[in-house]
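This is the structure I have questions about; it appears just below.
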Amino acid sequence: RKEVEQDPGPFNVPEGATVAFNCTYSNSASQSFFWYRQDCRKEPKLLMSVYSSGNEDGRFTAQLNRASQYISLLIRDSKLSDSATYLCVVNHHDSWGKLQFGAGTQVVVTP
Amino acid sequence: DVKVTQSSRYLVKRTGEKVFLECVQDMDHENMFWYRQDPGLGLRLIYFSYDVKMKEKGDIPEGYSVSREKKERFSLILESASTNQTSMYLCASRPGTGRFDEQYFGPGTRLTVT
C-alpha cells in the first residue's frame, strides 16, 4: 500500500466552479501536511501547508482529518490558471525532513 | 529568493555510460534530495543528504550513487545507465527538520537512455 494515495483524476471543472479532492495517508505518526502544485513540465511548488484546524488561502481551503487520515483541498471560483497537478505531501516526525509525495491529482479547468 | 539549479534540462545518454547530474542550492539548506518522477508513479526518493558527506538511501537507490562534498552541491551518479533509468530527475533542498519547512525543487533534468 502506498503511504500517500490520491485520485489521479483528471477532474474537469468549468471555470468559476468549485472542485474538491482528498488524499489519504497510511502512517498515523505523520506530523505535517502540505499541498504542492505542479504545472505541466515544471517542478512542484508549495501551494499551502495544512494545519490541524484547517486553513484558507484565498480561494483555496485545506482540511485535515486525523481520525480518518486524510487531507482535502477545495478550490473555489476556479480559474483557467488553476489547471495543474496537485500533490499531497506528508512529513513524518522522525524522517529527517523527508517528505512523502502522493502521485498527484490532475485538475483541468475549462472555459 | 531560493534557487535550486540543475546542470542540464535535457540529457541523452547511451546504455552503459556513466552519468552525472549536478544540483546546486544557494540558500545554505541542510537537506538535499534526489527524486525521479515517472507518469503514474509520482515522485520517488532516490537518495537524500542531511549534511556534507552524509547520505541516506531513499526508496529506490539501486543503480544510483550520490556525492555531497560541499553543502550547496549534491550530485547524482548513474554508474552504468540503463534504459529503465529514463526519467525526469528532480533535485530539491529543504532548510532543516522544521515541521512546516518548505521544500524547493530545481527545474528537473529529463534523461533519456538509449
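Every number here is computed from the coordinates shown, using simple stated rules; none is lab data. Just so we're clear, the structure is a prediction, and the values are computed from it rather than from any experiment. Cβ sites come from the backbone with ideal geometry, for glycine too, and all protein chains shown count toward neighbours.
What Cys residues in the protein assembly as shown have no fellow cysteine's beta-carbon under 4.7 angstrom?
Singleton cysteines: A:Cys40.
Just tell me how shielded B:101-108 is by partners: mean number of partner chain Cβ atoms within 10 Å of each residue's Cβ, no decimals.
The shielding value for this peptide is 5.
What whole-number distance in Å separates the alpha-carbon centres of the stretch A:1-38 and the stretch B:28-100?
Cα centroid of the stretch A:1-38 versus Cα centroid of the stretch B:28-100: 24 Å apart.
Still on this structure, I have one more. Do you know the relative contact order of chain B, to the nearest whole percent, from alpha carbon pairs under 8 angstrom that are 6+ apart?
36 percent
Counting partner chain Cβ atoms within 10 Å of every residue's Cβ in B:39-48, what's the average?
4
Here is a follow-up. Sort the stretch A:33-111 into rounded, prolate or oblate with this rule: let a ≥ b ≥ c be the square roots of the eigenvalues of the Cα gyration tensor; rounded if a/c is under 1.5, and if a/c is not under 1.5, prolate when a/b is larger than b/c, oblate otherwise.
oblate
Tell me which aspartates and glutamates have Cα within less than 15 Å of B:Lys18's Cα, excluding those fewer than 8 residues away on the same chain?
Correct list for B:Lys18: B:Glu62, B:Glu79.
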